[in-house]
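Asker: The structure follows.
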Amino acid sequence: MMQKIPNEAKPATRKAREDRFQYHDYFGVDELLSEEHLLARQAVRDWVKAEVTPIIEDYAERAACPTHLFKGLAEIGAFGPSLPAKYGCGGMDEIAYGVIMQELERGDSGVRSMASVQGSLVMYPIYRFGSEEQKKYYLPKLASGELIGCFGLTEPDHGSNPSGMLTNIKDDGNAYILNGAKMWITNSPLADIAVVWAKDESGKIRGLIVEKGMKGFSAPEIHGKWSLRASITGELIFEDVRVPKKNLLPEAAGLKGPLSCLSKARYGIAWGVIGAALDCYDTALRYSQERIQFGKPIGAFQLTQKKLAEMITEITKAQLMAWRMGTLANSGKVTPEQISMAKRNNVNMALVVARESRQILGGMGITNEYPIMRHMMNLETVLTYEGTHDIHLLITGHDITGFNAFS
């Protein structure tokens, strides 16, 4: 039987933090969005203010995953929002998917990870590479939150070089025998299914759906993280796991399979981190207007204005890049290289904004009374996962020069 997510009680260990967030759109990018985009964004924003902000500092401090939010994420359509409605998904476009991820990450990068892994790294490969039978069975259950999934690509010794993976499958009649291990897997300790990438006997990379409860399959949790503390992370360990052949994704063969899933996830990250940056900027702006030093608000001083002006400039550039990326995605023209550029630029932007915001708040910036330090710690991970900051730079370098610096 599939694992059921525990309905964890909301903590009452501290007074809920008031969510005073106001959206900032310096260049009127909202005028480029449709009514559907704006409605979807507002629905998620309202949900984040009601369900995430009041509890997230407590969960992050305790390094606990708010598992009860999975149900809410499903109810607001955050799981696979741009996948077809006939499979129980949202049927919206890629910009809608982007603005949903932005609002979720405004709440917390870990909450956005819960949704983007489910939609982009579990549901998307099943939709893109699965059989019709697999799509009809798994996608509605994943969209509704009945099942939770994870994505197994990264290994203990193979992160930026996934082609070197050691996880493998061997033909054994009506099943494959799966052996190997995966590392840094979001949602793995509580996931019902894992989309796992392994080499077959010819060395070709294939994708399989591995279900919790299969003999020899375990998913121990990773502890001691200082980042993404409200997101549950673990390993995937396979010891002679017998996976039925019907669980093989028939249309996935080669490294392009998992890399296309990563492009989908990186797209969502490029949108999502704008939300984290906006939350930090909004906090710093409001603080600068209220904090009095030397007889006037610190926002009246030139150096504070410099920080705030540079922040909103970089946020605006990221908003425009994300919107253009979304229009290209909707027309089927966006390239993995463009997504890499947007992911790298926007994550770095958000991290710089978080650091500058923290300075404006001074000592208060490191306390859990404000969200900035939590965002900053989270963004250190986002800078690395789904392709590191340096790897994305080399992807752009390869694209513009034609020379592959990876080999």
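Where a number appears in this text, it was derived from the coordinates with a stated rule and is not lab data. If you're wondering where the values come from, they're calculated on a predicted model, not measured in any experiment. Glycine also receives a Cβ, built like all others from the backbone with ideal geometry; neighbour counts cover every protein chain displayed.
Asker: Using a ≥ b ≥ c from the Cα gyration tensor of the stretch 195-243 (square roots of the eigenvalues), is it rounded, prolate or oblate, where a/c under 1.5 gives rounded and otherwise the larger of a/b and b/c decides, a/b for prolate? Walk me through the numbers on the way to the answer.
Answerer: Working: a/c = 2.88, a/b = 1.85, b/c = 1.56.
Verdict is prolate for the stretch 195-243.
Asker: At 0.36 nm per residue, minus the direct Cα-Cα distance, what do residue 335 and residue 401 gain on full extension? Give it in nm, one decimal, please. Walk me through the numbers before you get to the answer.
Answerer: Details: separation 66, 0.36 × 66 = 23.76 nm, distance 1.60 nm.
Full extension from residue 335 to residue 401 adds 22.2 nm.
Asker: Let me ask something additional. Roughly how many whole Å is it from the C-alpha centroid of the stretch 243-270 to that of the stretch 175-229?
Answerer: Distance between centres, Cα-based: 14 Å.
Asker: Moving on. Taking the Cα centre of the stretch 149-253 as the origin and placing charges on Cβ (Lys, Arg +1; Asp, Glu -1), which of 169, 232, 152 is farthest toward the positive end of the dipole?
Answerer: The one lying farthest along the dipole's positive direction is 232.
Asker: Counting only helical runs of four or more DSSP H residues, what would the 222 nm mean residue ellipticity of the chain come to if each run contributes -39,500 (n - 2.57) and the total is spread over all its residues? Each step should come with its number before you reach the end.
Answerer: Values: 12 runs with 184 residues, N = 407.
Calculated from helices alone, the mean residue ellipticity at 222 nm is -15000 deg cm²/dmol.
Asker: Further question on the same structure: How high is the relative contact order of the stretch 188-244? Use alpha-carbon pairs under 8 Å, at least six apart in sequence, and give a whole percent. Mind dumping the intermediate values first?
Answerer: On the way: 85 pairs, mean separation 20.5, N = 57.
That works out to 36 percent.
Asker: Where is the GNM fluctuation largest for the chain (alpha-carbon springs, 10 angstrom cutoff): 206, 62, 128?
Answerer: 62
Asker: What is the calculated FRET efficiency for residue 160 to residue 364, with r their C-beta to C-beta distance and R₀ = 30 Å, to the nearest 0.05? Each step should come with its number before you reach the end.
Answerer: Numbers: r = 37 Å, r/R0 = 1.24.
Efficiency at R0 = 30 Å is approximately 0.20.
Asker: Hey, another quick one. Going through the stretch 260-359, which chymotrypsin sites (Phe, Trp or Tyr not before Pro) have at most 10 other Cβ atoms within 10 Å and a DSSP loop state? All intermediate terms of the calculation are to be shown ahead of the outcome.
Answerer: Details: sites: 267, 271, 281, 287, 294, 301, 323; in loops: 294, 301.
Answer by residue number: 294.
Asker: What is the set of long-range amide H partners of residue 90 at a cut-off below 5 Å, with H atoms built 1.01 Å from backbone N?
Answerer: Under 5 Å from the amide H of residue 90 lie the amide H atoms of 82, 83, each far enough along the sequence or on another chain.
Asker: In a Gaussian network model over the chain where Cα atoms closer than 10 Å are linked, find which of 241, 111, 29 has the largest mean-square fluctuation.
Answerer: 29
Asker: Rounded, prolate or oblate: which one fits the stretch 257-401, using the alpha carbon gyration tensor with axes a ≥ b ≥ c (rounded when a/c is under 1.5, else prolate when a/b beats b/c, else oblate)? Each step should come with its number before you reach the end.
Answerer: On the way: a/c = 2.72, a/b = 2.22, b/c = 1.23.
Cα axes put the stretch 257-401 in the prolate bin.
Asker: For the stretch 15-62 and the stretch 130-146, write down the distance between their C-alpha centroids in whole Å.
Answerer: 29
Asker: Here is the link list: 199/256; 135/343; 86/343. Which ones come out longer than 20 Å on Cα distance? Let's see the in-between values first.
Answerer: Values: 199/256 13 Å; 135/343 29 Å; 86/343 30 Å.
Distance filter (> 20 Å) returns 135/343; 86/343.
Asker: Select from 270, 64, 318 the residue whose mean-square fluctuation is largest in a Gaussian network model of the chain (Cα-Cα springs shorter than 10 Å).
Answerer: 64
Asker: Summing Lys, Arg as +1 and Asp, Glu as -1, what charge do residues with Cβ under 15 Å from the Cβ of residue 263 carry, residue 263 excluded? Don't skip to the end; give the middle numbers.
Answerer: Numbers: positive: 128, 256, 264, 266, 333, 343, 344; negative: 94, 337, 386, 399.
Residues near residue 263 contribute +3 overall.
Asker: What net charge do the residues around residue 119 carry, taking every other residue with its C-beta under 11 Å from that of residue 119, with Lys and Arg at +1 and Asp and Glu at -1?
Answerer: +2
Asker: Does the stretch 29-143 come out rounded, prolate or oblate by the C-alpha gyration tensor, with a ≥ b ≥ c the root eigenvalues, rounded set by a/c under 1.5 and, if not, prolate when a/b is larger than b/c and oblate if not? Display every interim value, and only then the final one.
Answerer: Values: a/c = 2.31, a/b = 1.26, b/c = 1.83.
Cα axes put the stretch 29-143 in the oblate bin.
Asker: In debye, nearest 20: dipole of the chain around its Cα centre with unit charges on the Cβ of K, R (+) and D, E (-)? Before the final figure, lay out the partial values.
Answerer: Values: 46 positive and 47 negative charges, 40 e Å.
The calculated dipole for the chain is roughly 200 debye.
Asker: May I ask for the net charge around residue 215, where only other residues with Cβ less than 15 Å from the Cβ of residue 215 are counted and Lys, Arg are +1 while Asp, Glu are -1?
Answerer: On the way: positive: 212, 242; negative: 172, 211, 239, 240.
The answer is -2.
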